[in-house]
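A short worksheet on the structure shown next.
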Amino acid sequence: MWKKVESYSLLWSAAEKTGTIHLKLEDGSRGDVRHLSRLELVGFGDLLRNEPTVWFHTTREDLCSGSKPGEEV
């Protein structure tokens with residue numbers, strides 16, 4: 001199910017050399033995107049910072065920007 005991202009934080013673990021994005025969603029629930037490379041973390045961070053609306057799929061852990069996926073533009 002797609003839910004709008006309200007806020008986020010980025011975490012880089014130097015010991016594990018992996019990144020995680022922690023998301024707070026529109027309904028108060030939370031989601032995580034884990035096991036990211038350094039470049040993936042930077043790319044997703046840019047998406048979250050620069051796009052006005054970002055969506056998170058709670059079962060697939062996908063991120064999407066713009067209109068809610070499945071809706072006409």
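Bear in mind that the values in this text are calculations on the coordinates, not laboratory data. These numbers were taken from a predicted model, which means no experiment stands behind them. Cβ placement follows ideal geometry from the backbone for every residue including glycine, while neighbour counts extend to all protein chains displayed.
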Top-ranked residue of region 17-47 - restricted to ones that are in contact with a His (Cβ under 9 Å, 6 or more places away or on another chain) and of a type outside the set (A, V, I, L, M, F, W, C), ranked as surrounded by the most Cβ atoms within 10 Å (Cβ to Cβ) = GLY19
inquiry  = I'd like to verify a number: residues in region 48-57 that are touching a strand residue (DSSP E or B) at 6+ places or on another chain (Cβ under 6 Å) and closer than 15 Å to HIS22 by Cα, how many?
reply    = 5
key: Scan of region 27-73 for residues that are touching a helix residue (DSSP H, G or I) at 6+ places or on another chain (Cβ under 9 Å) and over 18 Å from GLU6 (Cα atoms), ordered by number   = LEU36
